[in-house]
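Working notes, beginning with the structure itself.
The values are calculated or read from the model by the stated rules, or taken from the named source; none is laboratory data. The shown structure was predicted, so the numbers you read here are calculated from the model rather than taken from an experiment. Cβ placement follows ideal geometry from the backbone for every residue including glycine, while neighbour counts extend to all protein chains displayed.
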Amino acid sequence: MSAEVPVVDTPSRRVPRWVTTTLAVIFGLLFAYDVWEAVGNVIGISWLVSGTETAISVFGWVVLSTNILVPIALFLLAFRLGRRRDLLAQILLYLTGLGVSAVIALDIVALFGAGQLLT
């Protein structure tokens, strides 16, 4: 005698859209601050370099421009990867993106501080 186990559909724990949207807006503002900071780095570094006898190399301009685009790309990637995941996964993806963005920004500042991106 085998007893059949009834199949029970468990409802998926979907995060409500308003929570996902609110999370995206909050983290979007943090990523926007990183973009603003990168624009400030471009302006500040070019202003500092203009007062000296050196110039920013072509590679330096590429790095500075990339620093502006990286937070935008990381936000879009975190949003895309996390939109169908649970709340904790979304938060961790956004935090990871912010961490990577911060590391890249600090590396760029260190490169300019060492004079490696100047001619």
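Looking only at region 52-109, which residues are polar (S, T, N, Q) and either loosely packed, with under 13 Cβ neighbours inside 10 Å or not in a helix (DSSP H, G or I) (or both)?
Once the filter is applied, which keeps residues that are polar (S, T, N, Q) and either loosely packed, with under 13 Cβ neighbours inside 10 Å or not in a helix (DSSP H, G or I) (or both), region 52-109 yields T52, T54, S57, S65.
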Checklist entry - Give me the pairs: first residue in region 32-51 and touching a residue at least 12 places away in the same chain (Cβ under 8 Å), second residue of a type outside the set (A, V, I, L, M), beta-carbon distance under 6 Å, and six or more apart or on different chains, which are they? => result D34/P71; D34/S101; V35/P71; A38/N67; I45/F112
Checklist outcome for this item: Checked region 64-93 for anything of a type in the set (V, I, T) and out of contact with any Gly (no Cβ under 9 Å at 6 or more places or on another chain); matches are T66, I68, V70, I72
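Across region 1-41, what is the total count of residues that are of a type in the set (A, V, I, L, M, F, W, C), at pLDDT below 90 and either surrounded by 10 or more Cβ atoms within 10 Å (Cβ to Cβ) or under 21 Å from the mean Cα position of the chain (by Cα) (or both)? Talk me through it step by step, then tell me what you get.
Taking region 1-41 as the starting set, the residues that turn out to be of a type in the set (A, V, I, L, M, F, W, C) are 1, 3, 5, 7-8, 15, 18-19, 23-27, 29-32, 35-36, 38-39.
Those still in the list that are at pLDDT below 90 too: 1, 3, 5, 7-8, 15.
Keeping just the survivors that are either surrounded by 10 or more Cβ atoms within 10 Å (Cβ to Cβ) or under 21 Å from the mean Cα position of the chain (by Cα) (or both) gives 15.
Of the residues in that region, 1 qualify.
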Checklist entry - Does I56 fit the bill of being β-branched (V, I, T) and within 10 Å of the chain's Cα centre (by Cα)? => result no
Checklist entry - Residues in region 100-118: is at least one on the phi > 0 side of the Ramachandran plot, out of contact with any Gly (no Cβ under 9 Å at 6 or more places or on another chain) and at pLDDT below 95? => result yes
Item to check | Some residue of region 79-100 being free of Cβ contacts under 8 Å to residues at least 60 places away in the same chain, closer than 25 Å to F59 by Cα and not polar (S, T, N, Q) | outcome: yes
